[in-house]
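What follows is a set of notes on a single structure, which appears directly below.
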Amino acid sequence: MTSIGLVKLACKAAQRAYVPYSHYHVGAALLTKSGKVYLGCNIENAAYTPTNCAERTAFFKAISEGEREFEAIAIVGGLNMDFKDFAPPCGVCRQVMQEFCGPDFKIYLGKNNDEIAEYTLSDILPLGFTPENLQNQ
Ligand code: THU
């Protein structure tokens, strides 16, 4: 699966976003090490705080299906499906990535002009708190 292929799937996922409050659609496509892709969209709520980001929707779908090994995630986001700027993952989603992925896990940010910015988890979450921090206490 190429980065551009994964970004296109993230665009498809964003169509399903439930965003009656912000109208900001986010789509994520999470690639497992075995080559399977899980899609996620953001799901908002009238009480606001129960809102779930697209990235965590994709992770929680995959984890709940038994997946534990991840290669990459593609993310797009924008008002009314206009992905004119990159949509970097929020801090909470970075922490969820940290729980299940190594430092080389890849993050592809996409725009609708096919521009892609590629990062690793260690680029976007330096000095993260990991499951290892709870060991050897
Ligand atoms: N959002 C995501 O889906 N992922 C992020 O990493 C940042 C924010 C969503 C939450 C909310 O539905 C909308 O974008 C505006 O914050």
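The values are calculated or read from the model by the stated rules, or taken from the named source; none is laboratory data. As the structure is a prediction and not an experimental result, all values here were calculated from the model. Counting neighbours? That spans all protein chains shown, and the Cβs are built from the backbone with ideal geometry, glycine included.
Do you know which residues across the stretch 1-44 are surrounded by 20 or more Cβ atoms within 10 Å (Cβ to Cβ) and small (Gly, Ala, Ser)?
Those that are surrounded by 20 or more Cβ atoms within 10 Å (Cβ to Cβ) and small (Gly, Ala, Ser): Ala10, Ala13, Ala14, Ala17, Gly27, Ala28, Ala29, Gly40.
Output the residues belonging to the stretch 116-137 that are among the hydrophobic types (A, V, I, L, M, F, W, C) and surrounded by 11 or more Cβ atoms within 10 Å (Cβ to Cβ).
Result: Ile116, Ala117, Leu121, Ile124, Leu125, Phe129.
In the set Thr130, Thr49, which member is under 20 Å from Pro20 (Cα atoms) and polar (S, T, N, Q)? If you could, list the steps in order and put the result at the bottom.
Details: Thr130 fails: under 20 Å from Pro20 (Cα atoms).
Going through Thr130, Thr49 in turn, the sole match is Thr49.
Which pairs have Cβ atoms under 9 Å, sit 6 or more apart or on different chains, and link a residue in the stretch 89-107 that is farther than 15 Å from Phe60 by Cα and without any contact (Cβ under 8 Å) to a residue 24 or more places away in the chain to one that is assigned to a helix (DSSP H, G or I) and within 15 Å of the ligand (Cβ to nearest atom)?
Note: pairs meeting the criteria are Gly102/Leu121; Pro103/Leu121; Asp104/Leu121.
Can you tell which of Val26, Val37 is aliphatic (A, V, I, L, M), within 14 Å of the ligand (Cβ to nearest atom), within 15 Å of the chain's Cα centre (by Cα) and under 14 Å from Val7 (Cα atoms)?
Val26
Residues checked against (1) farther than 27 Å from Pro20 by Cα; (2) away from the ligand (no atom under 14 Å from the Cβ); (3) of a type outside the set (Gly, Ala, Ser); (4) modelled with pLDDT of 95 or more:
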| site | (1), (2), (3), (4) |
| --- | --- |
| Arg56 | no, no, yes, yes |
| Ala62 | no, yes, no, yes |
| Ala74 | no, no, no, yes |
| Phe86 | no, no, yes, yes |
| Asp104 | yes, yes, yes, yes |
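Listed here are the residues, each with its yes/no results for (1) touching a Lys or Arg at 6+ places or on another chain (Cβ under 6 Å); (2) closer than 16 Å to Ala13 by Cα.
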position	(1), (2)
Met81	no, yes
Val96	yes, no
Gly110	no, yes
Phe129	no, no
Asn133	no, no
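Do we find a residue being assigned to a strand (DSSP E or B) and among the aliphatic types (A, V, I, L, M) anywhere in the stretch 4-27? I'd like the intermediate steps shown before the answer.
Residues of the stretch 4-27 assigned to a strand (DSSP E or B): 18, 24-27.
Filter once more, keeping what is among the aliphatic types (A, V, I, L, M): 26.
Yes: the stretch 4-27 contains one or more residues that are assigned to a strand (DSSP E or B) and among the aliphatic types (A, V, I, L, M).
Name the one entry in Leu9, Leu31 that is more than 16 Å from the ligand (Cβ to nearest atom) and out of contact with any Ser or Thr (no Cβ under 9 Å at 6 or more places or on another chain).
Only one candidate qualifies: Leu31.
Within the stretch 79-115, how many residues turn out to be surrounded by 12 or more Cβ atoms within 10 Å (Cβ to Cβ), touching a strand residue (DSSP E or B) at 6+ places or on another chain (Cβ under 7 Å) and farther than 17 Å from Ala54 by Cβ?
Adding up the residues that qualify gives 1.
Taking the conditions exactly as written (among the aliphatic types (A, V, I, L, M), more than 17 Å from Lys111 (Cα to Cα) and either part of a strand (DSSP E or B) or away from the ligand (no atom under 11 Å from the Cβ) (or both)), does Ala46 satisfy them or not?
Numbers: among the aliphatic types (A, V, I, L, M): yes; more than 17 Å from Lys111 (Cα to Cα): yes; either part of a strand (DSSP E or B) or away from the ligand (no atom under 11 Å from the Cβ) (or both): yes.
Judged against the criteria, Ala46 is a match.
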